[in-house]
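To start, the structure under review is shown below, and the notes come after it.
The values are calculated or read from the model by the stated rules, or taken from the named source; none is laboratory data. Note that this is a predicted model, so its numbers are computed, not measured. Here the Cβ positions follow ideal geometry from the backbone for every residue, glycine too, while neighbour counts run over all protein chains shown.
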Amino acid sequence: MPASGRTAGRGSEPRGVGIHARWPPGDAAIHADSGLGTIYLSGFIDRLYRDSAGRWHILDFKTNRVTDKTPPPPPSPNTEMQMLVYALAAEAVLKTPPASLVLHFLRTGDEHAFAWNDAARRRVQELVDRGIAAAAALLGSRPRGAFL
């Protein structure tokens, strides 16, 4: 059964949740020399729900331009980073790791699940740090507090 259909039962009502988190978790000094100032990651988890066993699940919907004849492409590094940041934020707030991270393609019903484990925690750090370094390089001499 697709993750989008697994929310029935005695668990929590699925809801969207906004996140706004300082990066990196617990150590703001690591990017002090980036010229970007304090860094915050923001996003919106499409669905965060708890199943009847009390486990939390993250579900993100994608429309993409796919049809039944053109299957969805594998998740991009940006989509992977997005899902892993959501998991990291949810884990920090809920004090428990999410049981599942699922990307659901609305047009076809296809799904892609992401693992959430120690390797994924290291991977999200790597992906976000790489993104911050790329943003710092693009900004060059822009003043602190400037928006991209």
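Below, the figures for the structure above:
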item	result
Residues that are buried (at least 17 other Cβ atoms within 10 Å of the Cβ) and modelled with pLDDT under 90, drawn from segment 90-126	F105
Evaluation of E80 against (1) among the charged types (D, E, K, R); (2) under 30 Å from G140 (Cβ atoms); (3) at pLDDT 65 or above; (4) surrounded by fewer than 16 Cβ atoms within 10 Å (Cβ to Cβ) (one fails), failing number	(4)
Residue tally, condition closer than 21 Å to A135 by Cβ, among the β-branched types (V, I, T) and either surrounded by 12 or more Cβ atoms within 10 Å (Cβ to Cβ) or at pLDDT 80 or above (or both), over segment 15-53	3
Residue list for segment 54-77, filter: modelled with pLDDT of 90 or more and of a type in the set (V, I, T)	I58
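Conditions tested, residue by residue: (1) in contact with a His (Cβ under 7 Å, 6 or more places away or on another chain); (2) small (G, A, S); (3) in a strand (DSSP E or B); (4) within 15 Å of D60 (Cβ to Cβ).
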{"site": "A89", "(1), (2), (3), (4)": "no, yes, no, yes"}
{"site": "T96", "(1), (2), (3), (4)": "no, no, no, no"}
{"site": "E126", "(1), (2), (3), (4)": "no, no, no, no"}
{"site": "I132", "(1), (2), (3), (4)": "yes, no, no, no"}
